[in-house]
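Accompanying notes for the structure given below.
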Amino acid sequence: MTLTLRSSTSFITLRDTKCLKTPVKCCGTICFAQIKPSRGIRVKNSMTQEAQVLSTEGCRNEKREKLHALSGVHHNNNKDDSRVPVFVMLPLDTVTHGGHLNKPRAMNASLMALKSAGVEGVMVDAWWGLVEKDGPLKYNWEGYAELVQMVQRHGLKLQVVMSFHQCGGNVGDSCSIPLPPWVLEEISGNPDLVYTDRSGRRNPEYISLGCDSLPVLGGRTPVQVYSDYMRSFRDRFSEYLGEVIVEIQVGLGPCGELRYPSYPESNGTWRFPGIGEFQSYDKYMRASLAATAESVGKKDWGISGPHDAGQYNQFPEDTGFFRREGTWSTEYGKFFLEWYSGKLIQHGDRILAAAEGLFQGTGAKLSGKVAGIHWHYRTRSHAAELTAGYYNTRHHDGYLPIARMLAKHRVILNFTCMEMKDGEQPQHANCSPEGLVRQVKMATRDAGIELAGENALERYDGSAYGQVLTTSRSDSGNGLSAFTYLRMNKRLFEEENWRQLVQFVKSMSDGGRNSKLAESDSRGTNIYVGFIKEKNVKNIKELALV
């Protein structure tokens, strides 16, 4: 078979093939659209015959450089507990709006390549807006069933995200998948079902947690809707849970993260490193605030949220609430932040309690994602974290309560920005991703739960990989139990980027001990990179998988 990576696709696309078999049984040529100078990549598997480079005419005597790749399936019961398995996120549009697997033959080839690099498995978003779009309790899992079976054939594992948020409007969103149409109809009739800021701006990314326990979605509560969705998934894929599907990441908010949508990028509302805004102004959140204030004898505190918290793109010192000795440190400020962050933790607790009951005994682990909001971390108020719902200040730990809530349900804390270094950030933003990661590692250690990681932004360089290796170790707090790389796309398969990924996977497998590639692979799988020098070669890069 011959496959081509075109510039318009998220992964390898097919030119012509009739074969959808595993790497051991299937051979062919994968061709990549060239961005950098043309180079051919060849993969040799020890279970097959010697691989041959299938390049253009006249390119058979090119210089070869050997890279290292891993083979074999990883298992969680590996005796070397320093090993960190690596997963790779699949494209956001892996399943089409019609409910089918997007470009299945191309996906087959891409999974084949990832398997050759030694990754543990892949991650995919199971979009609520696709699966239940035809009506309440009408689920279509067929596109995901195709993917699960394909992943199984390649001997890979799968992490599935229960994505109850919309796709579109945030960093890295390359397609648009709104909430189910019948949910949008409910929102149209009752706009307070979604998060609202002080100026009345509505955010349709995710249902407001203020109505978690109210029957506002066709007679069901949002938590019931999420539970029914997860139950349908469990029943449809019961035979794969714990074997192929090894982790369920439960969506808990915008971008699947346990947070408020305090920094929405859509329509230019927010831009880095703005402090964001509190999202507590829909009628359900306001009613909760009023009731809580009255219960502590401070009725006036429940009239509205802070009046001096500023706007999305301001800095802490521009506001009365977040400045050095601002309202955040007063009795009122502490009351509001306790309520605001407490509502978020209760939200996570409700959904994860339902997930625990549904997936207990299946063998699949549960995880929940927390956002890596590292800007203004060096200030006293940590303003950007506060508006997102993390009550984390110079004097108050906002992540230990979250970790303890996750521990109640034996849930892994998945954290982002593992690839970031303090020195790479702009000084005026007062960032400290390294300090934030250290704090979260300590919180998970103290709570007794596992910590998994992701990179926040697409990175292909050795510096980013090296930082992940550093944070993956258990020298300070918890080490990582797994790492999921963002994201599989055409750039990942470029020669130099692929080289970096293979080296990274090898180093993570060795617990971060090896920083260089070995000259040969003890497991019998090698990648050879050939240099194509002819000027008349068109922009084609070929990968022969034998």
Among the numbered criteria (1) touching a helix residue (DSSP H, G or I) at 6+ places or on another chain (Cβ under 7 Å); (2) buried (at least 19 other Cβ atoms within 10 Å of the Cβ); (3) part of a helix (DSSP H, G or I), which one does Asn478 miss?
(3)
Select from the range 372-399 the residues that are open to solvent by less than 30 Å² (accessible area, probe 1.4 Å) and either among the polar types (S, T, N, Q) or farther than 22 Å from Arg271 by Cβ (or both) and list them in ascending order.
Thr379, Ser381, Thr387, Tyr391, Asn392, Thr393, Gly398, Tyr399
Limited to the range 441-468, what total is found for residues that are part of a helix (DSSP H, G or I) and either buried (at least 24 other Cβ atoms within 10 Å of the Cβ) or hydroxyl-bearing (Ser, Thr, Tyr) (or both)?
6
Residues satisfying the stated conditions in the range 205-220, i.e. buried (at least 17 other Cβ atoms within 10 Å of the Cβ) and over 15 Å from Gly348 (Cα atoms)
Glu205, Val216, Leu217
Determine, yes or no, whether Ile177 is under 24 Å from Gly372 (Cα atoms) and surrounded by fewer than 23 Cβ atoms within 10 Å (Cβ to Cβ).
yes
Tally up the residues in the range 239-285 that are of a type in the set (S, T, N, Q) and assigned to a loop (DSSP other than H, G, I, E, B), please.
4
Within the range 122-166, can you find the residues that are at positive phi and either within 19 Å of the chain's Cα centre (by Cα) or without any contact (Cβ under 8 Å) to a residue 60 or more places away in the chain (or both)?
Gly135
Would a scan of the range 246-265 turn up a residue that is at pLDDT below 95 and among the acidic types (Asp, Glu)?
yes
Please go through the range 190-231 and pick out each residue that is among the aliphatic types (A, V, I, L, M), more than 15 Å from Tyr284 (Cα to Cα) and assigned to a loop (DSSP other than H, G, I, E, B).
none
Checking the condition free of Cβ contacts under 8 Å to residues at least 24 places away in the same chain and in contact with a helix residue (DSSP H, G or I) (Cβ under 7 Å, 6 or more places away or on another chain), which residue from Asp446, Asp422 passes?
Asp422
Selection from the range 347-406 of residues that are of a type in the set (Phe, Trp, Tyr) and outside any helix (DSSP H, G or I)
Trp375, Tyr377, Tyr390, Tyr391, Tyr399
Answer with yes or no whether Glu419 is surrounded by fewer than 17 Cβ atoms within 10 Å (Cβ to Cβ) and either within 21 Å of the chain's Cα centre (by Cα) or among the basic types (Lys, Arg) (or both).
no
Among (1) without any contact (Cβ under 8 Å) to a residue 60 or more places away in the chain; (2) in a loop (DSSP other than H, G, I, E, B); (3) buried (at least 16 other Cβ atoms within 10 Å of the Cβ); (4) over 25 Å from the mean Cα position of the chain (by Cα), the one test that Phe322 misses:
(1)
Out of everything in the range 132-152 that is out of contact with any Pro (no Cβ under 9 Å at 6 or more places or on another chain) and open to solvent by 70 Å² or more (accessible area, probe 1.4 Å), what residue ends up being farthest from Pro181 (Cα to Cα)?
Gln152
Starting from residues that are among the hydroxyl-bearing types (Ser, Thr, Tyr) and buried (at least 22 other Cβ atoms within 10 Å of the Cβ), keep the ones in the range 191-204 and report whichever is nearest to Gly168 (Cα to Cα).
Tyr195
Please work out if Arg234 is in contact (Cβ under 8 Å) with a residue 40 or more places away in the chain, part of a loop (DSSP other than H, G, I, E, B) and surrounded by 15 or more Cβ atoms within 10 Å (Cβ to Cβ).
no
Could we say that Leu289 is touching a residue at least 12 places away in the same chain (Cβ under 8 Å), more than 26 Å from Arg380 (Cβ to Cβ) and open to solvent by less than 20 Å² (accessible area, probe 1.4 Å) here?
no
Answer from Leu406, Leu413, Leu436 - the residue that is under 12 Å from Trp375 (Cβ atoms), modelled with pLDDT of 95 or more, crowded, with 24+ Cβ neighbours inside 10 Å and within 19 Å of the chain's Cα centre (by Cα):
Leu436
Out of Val151, Val161, I need the residue that is at pLDDT 95 or above, outside any helix (DSSP H, G or I) and touching a helix residue (DSSP H, G or I) at 6+ places or on another chain (Cβ under 8 Å). Which one?
Val161
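The values are calculated or read from the model by the stated rules, or taken from the named source; none is laboratory data. This is a predicted model, so every value here is computed, not measured. Counting neighbours? That spans all protein chains shown, and the Cβs are built from the backbone with ideal geometry, glycine included. The area values use the complete protein model at the heavy-atom level, side chains included, leaving out ligands, DNA and RNA. Shrake-Rupley method; radii C 1.70, N 1.55, O 1.52, S 1.80 Å.
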